[in-house]
Amino acid sequence: MQVVISTAILLIATIIAASVFTAAALSELYTFQNSFQQIGSKAQAYYESSITIIGEAQASSSSGMAEIDVWVKNTGTTSFTITGTASDSQYWDVFITFPDGTYTRFPYSSTAGSCGSNQNGCFNVALLNDITGTGKWETGETVQLTIITTSSSLSSGAYQVSLSLSNGVTAQDNFSFSSTTTTTG
Amino acid sequence: MGFDTIIAGIYFVAVLIVSGYVITDTVNRMSDMSYESVLTAATMQLNKIGSSASITKIDARVGNEGGVVYVNLLNTGQLKISSADFPKMDILLTYTDSDTGITQTHWCYYSSDGPLQNPSCDWAKNSTISPNPSPSLVDPLNWDPSTTLSITIQLAQSQYVMPGSAGYLKVVLPGGSSTAGNFTFTG
């Protein structure tokens, strides 16, 4: 009788231990699954994102600072929010390499045509052809980046613009200006 | 073989089945995601590689209503561009005014009702040409390969331009491929 009770107790203890182990192991497996799904989702968003810089032009802003206008086309299938507090554009990186070899990163400004209190230049974003009317930058749509520099004029020569989106997708393009005065509209 | 051994065996097999299911499910989901990503990326590239156009004619004039540029575009790609995708085309018009020496660049808005709806620059299908795109034996609304789309680019009167001004036109298709050409405004 004593042996049967001992065996039963041991059996129950073993089942409990096995259940605890199984629950822990399955929990870890599901965590592993979620992690891989997140990695997959991010990779998917990256591979489905594509942007193309289609043109650049020099302009002068109302504040007297020289501007560079850059037109960028969404040639991928991922859409981006460019206005409001949840905008993706506040996480974008815009770099300009100037003819003298120096380069500058321009921060985002939500105020059109102004950098606010930022003395180091900035960039604004405007969606030009919101075909679907969602306010998001979607497939085939074009945005205009207005980069406000800290100089009153831009020297002639070779420039490079680089735009990195919040998911790491990057586009860059080389362009040059002549010494003539230019405006955009 | 005791009762406890059988229970342990059943338990072991159950754990193996559940673990196997979870791992297989994870791999399946990852495969599906990878497949979709690769498919989408390939489609994007095919849209870019398979679509191309060339400018066959540019006629730029300065009239009472401002500068007008008439352009014929030949679809030299393998894909048709549907009329619904015309708003996804980009027209970048740059010109240096011969009088002032000022260079201006405009991203022109698509206007389905014909120019001019926007403040500086609009473009639309040339309404005086029919059929457009041409020829249109099949699929008359869409811009098929080997057919020509005629467009009109209208600059607003406020956009000062004089005859003799040199210009540069860039047309970007919905997939991102582009074509460009030079022209001179005539009186």
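Being out of contact with any Gly (no Cβ under 9 Å at 6 or more places or on another chain) and either over 24 Å from residue A:118 (Cβ atoms) or among the charged types (D, E, K, R) (or both) is the filter here; which residues of segment A:140-179 pass it?
Across segment A:140-179, the qualifying residues are A:141, A:142, A:156, A:157, A:158, A:167, A:168, A:174, A:178, A:179.
Restricting attention to segment B:85-98, does a residue exist that is of a type in the set (A, V, I, L, M), touching a residue at least 60 places away in the same chain (Cβ under 8 Å) and over 18 Å from residue B:175 (Cβ atoms)?
Yes, that holds for at least one residue.
Looking only at residues in segment B:135-147 that are at pLDDT 90 or above and among the hydroxyl-bearing types (Ser, Thr, Tyr), which one is surrounded by the fewest Cβ atoms within 10 Å (Cβ to Cβ)?
Going through the qualifying residues, I end up with B:146.
Considering (1) at pLDDT below 90; (2) within 11 Å of chain A (Cβ to nearest Cβ); (3) closer than 17 Å to residue B:58 by Cβ, say which one residue B:129 fails and leave the rest.
All conditions are met except number (2).
Sort out which residues of segment B:6-28 are farther than 18 Å from residue A:40 by Cβ and of a type outside the set (Val, Ile, Thr), and write them in order of number.
B:8, B:9, B:11, B:12, B:14, B:16, B:19, B:20, B:21
Condition check ((1) touching a His at 6+ places or on another chain (Cβ under 8 Å); (2) assigned to a loop (DSSP other than H, G, I, E, B); (3) of a type in the set (D, E, K, R); (4) under 24 Å from residue B:89 (Cα atoms)) across all residues:
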| residue | (1), (2), (3), (4) |
| --- | --- |
| A:21 | no, no, no, no |
| A:24 | no, no, no, no |
| A:34 | no, no, no, no |
| A:49 | no, yes, no, yes |
| A:53 | no, no, no, yes |
| A:58 | no, no, no, yes |
| A:76 | no, yes, no, yes |
| A:83 | no, yes, no, yes |
| A:95 | no, no, no, no |
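Could you tell me whether segment A:144-160 includes any residue that is among the polar types (S, T, N, Q), within 14 Å of chain B (Cβ to nearest Cβ) and buried (at least 18 other Cβ atoms within 10 Å of the Cβ)?
Scanning segment A:144-160 turns up at least one residue that is among the polar types (S, T, N, Q), within 14 Å of chain B (Cβ to nearest Cβ) and buried (at least 18 other Cβ atoms within 10 Å of the Cβ).
I'm trying to understand the selection: among the residues of segment A:123-155, which are over 18 Å from residue A:49 (Cα atoms), among the small types (Gly, Ala, Ser) and modelled with pLDDT of 90 or more?
A:126, the sole residue that qualifies.
Tally the residues that are among the β-branched types (Val, Ile, Thr) and part of a loop (DSSP other than H, G, I, E, B), restricting the search to segment A:97-113.
2
Quick check on my filter: what residues within segment A:90-108 are more than 22 Å from residue A:175 (Cβ to Cβ) and either crowded, with 16+ Cβ neighbours inside 10 Å or among the charged types (D, E, K, R) (or both)? Don't jump to the end; show me each part of the working.
Of the residues in segment A:90-108, the ones more than 22 Å from residue A:175 (Cβ to Cβ) are A:90-91.
Selection gives A:90 alone.
Restricting to segment A:114-132, and then to whatever is in contact (Cβ under 8 Å) with a residue 12 or more places away in the chain and assigned to a loop (DSSP other than H, G, I, E, B), can you tell me which residue is nearest to residue A:153 (Cα to Cα)?
A:121
So, residue B:164, is that one at positive phi and touching a strand residue (DSSP E or B) at 6+ places or on another chain (Cβ under 6 Å) or not?
Answer is no for this residue.
Looking at (1) more than 34 Å from the chain's Cα centre (by Cα); (2) exposed (fewer than 15 other Cβ atoms within 10 Å of the Cβ); (3) small (Gly, Ala, Ser), which is the one condition that is false for residue B:8?
(2)
Give B:150, B:112, B:165 a once-over and let me know the one that is over 19 Å from residue A:144 (Cα atoms), surrounded by 14 or more Cβ atoms within 10 Å (Cβ to Cβ) and within 14 Å of chain A (Cβ to nearest Cβ).
B:165
Among B:91, B:17, which is the only one that is more than 30 Å from residue B:178 (Cα to Cα) and among the β-branched types (Val, Ile, Thr)?
Just one listed residue meets the conditions, B:17.
Listed residues A:43, A:24; which is hydrophobic (A, V, I, L, M, F, W, C) and at the interface with chain B (Cβ under 7 Å from one of its Cβ atoms)? Spell out how you get there, then give the answer.
Details: A:24 fails: at the interface with chain B (Cβ under 7 Å from one of its Cβ atoms).
It is A:43.
Look through A:19, A:6, A:79 and report the one residue that is exposed (fewer than 12 other Cβ atoms within 10 Å of the Cβ) and more than 10 Å from chain B (Cβ to nearest Cβ).
Answer to the check: A:6.
Here's the yes/no breakdown for (1) out of contact with any strand residue (DSSP E or B) (no Cβ under 6 Å at 6 or more places or on another chain); (2) more than 10 Å from chain A (Cβ to nearest Cβ); (3) polar (S, T, N, Q):
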residue: B:6; (1), (2), (3): yes, yes, no
residue: B:16; (1), (2), (3): yes, yes, no
residue: B:23; (1), (2), (3): yes, no, no
residue: B:29; (1), (2), (3): yes, no, no
residue: B:33; (1), (2), (3): yes, no, no
residue: B:45; (1), (2), (3): yes, no, yes
residue: B:48; (1), (2), (3): yes, no, no
residue: B:60; (1), (2), (3): no, yes, no
residue: B:67; (1), (2), (3): no, yes, no
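The values are calculated or read from the model by the stated rules, or taken from the named source; none is laboratory data. Owing to the predicted nature of the structure, the values given are computational and were not obtained by experimental measurement. Ideal geometry is used to build each Cβ from the backbone, glycine not excepted, and the neighbour counts take in all protein chains shown.
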